[in-house]
Amino acid sequence: MPWLFHRWSPDPDETGVADSALHRVTPTQLFLAKQRRKLSPLMIEYLQSCLAHPFSFFEVTHCEPGQGFTLCNLLTGQMHEVLERTASQSVQVHDVIFGQLAVAQGVTLLEATSPVALPPEDKLPIFELTARVRTNADNTGIDHADIDLGMWDIELRELYLDLSDPMLYPEHDDMLNFVDDDIEIHRLIFDIDSEEKALELLRHPDARALGMCPRDELTERDGEGTLQYARFDWQDMDDAIPAELPTPLCTLWIEDGQLIAEVDFPEDADELRQIISDILGASARFVLDEVQTLDQALAIDGQDADGEKIDINDPEILALVSSHLKEHYRTWIDSALPALNGRTPRQAIADPGGRDQVEALVQHIERSSVLGMPEVDASIASMLRQELGL
């Protein structure tokens, strides 16, 4: 409602009102005009501040639960010390809130805020809007701190609605039905003549020409450089899901003279088998399609090859997982990412805007729990920050 009270006004071309003089007048402006004599000076100051401060995106840079927080306006770069008891108990550092500030008697308050806090990775599309806003300001000789965000009110609100919609209206029921009815794990097994040749062909532009894009590659070689193991996801290049890391069509392994591709749906398995056969040609021979239901796959999850339950807290298991994850993220540093417009994180940090984007991605990695092992998370984040100079 604060947005309606303080920011909305009847558009003369789209809204009919009894008194035409009310066009482009917000409800708060009208209230002040009619009730000013009945209001205290403090209330007048507060409402005038609400009119003067547009909504914006703010990153939480410091938080004292139950007292307040420090907010950075992601559009203008201005810092604000905000007194706020309730919201400060439910946010974390690096969360992003969409809201409006107001100042009265030198105290900054949170007049309105979104019902959900946005995670760090959502800063990337916000940074794109920030670049547009600041470029416009630079072209007109306006200091970033003096940008009138009221001119960008519609764009800011629409971006907030796009980012918050999946959090406010998750499709849990549809997803449960989708999983129960359709998921069937297929493991397509091929015998291959050469692990090295198979990997080379799967990386080849011909594979991309067939619509497939490998990503998140992890390889292991012996002391002589011979390929021992390779694992990567294969993304359908026609997948139009606008996400930082789109859902892969399948995961592939190359090891011990075999290529194994794992996919979740029968129709994808048929398509994938044909694509792999077309790419590898005579150097690969299809052997088997192992099929498991979701329940069967979950039943063996957490077991080793002998059926023994794996102790996830075993130091050797932790060390192995940590090693694989670190290798993955070392590769990630030099991988072209859609979220960075095709640049690698190492390339993006060369300019301030790209550096902010990479920082947001690393904050997302820090926030995400990798297999529920915080000690692994910390070591990965530390490695990324050291490698990227963050």
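Every number here is computed from the coordinates shown, using simple stated rules; none is lab data. It should be emphasised that the depicted structure is a prediction, and the values quoted were computed from it without experimental measurement. FYI the Cβ positions are ideal-geometry reconstructions off the backbone, even for glycines, and counts take in every protein chain you see.
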Shape of the stretch 2-167, Cα gyration tensor, a/c cut at 1.5: oblate
FRET efficiency for Arg385 and Thr344, using Cβ-Cβ distance with R0 set to 25 Å, rounded to 0.05: 0.95
FRET efficiency, 1/(1 + (r/R0)^6) with R0 45 Å, evaluated for Thr226 and Asn139 via beta carbons: 0.20
Vicinal HN-Hα couplings computed from phi for the stretch 69-75 (Karplus, 6.51 cos²θ - 1.76 cosθ + 1.60; Hz; Gly/Pro x): 8, 9, 10, 10, 6, 5, 8
Theoretical FRET efficiency, 1/(1+(r/R0)^6), r = Cβ-Cβ of Leu83 and Asp334, R0 45 Å, to 0.05: 0.50
Label point distance in nm, Asp289-Thr61, each placed 7 Å from Cα along Cα→Cβ: 5.6 nm
Karplus 3J(HN,Hα) series, Hz, for the stretch 39-44 with 6.51 cos²θ - 1.76 cosθ + 1.60 (x for Gly, Pro): 9, 6, x, 5, 5, 4
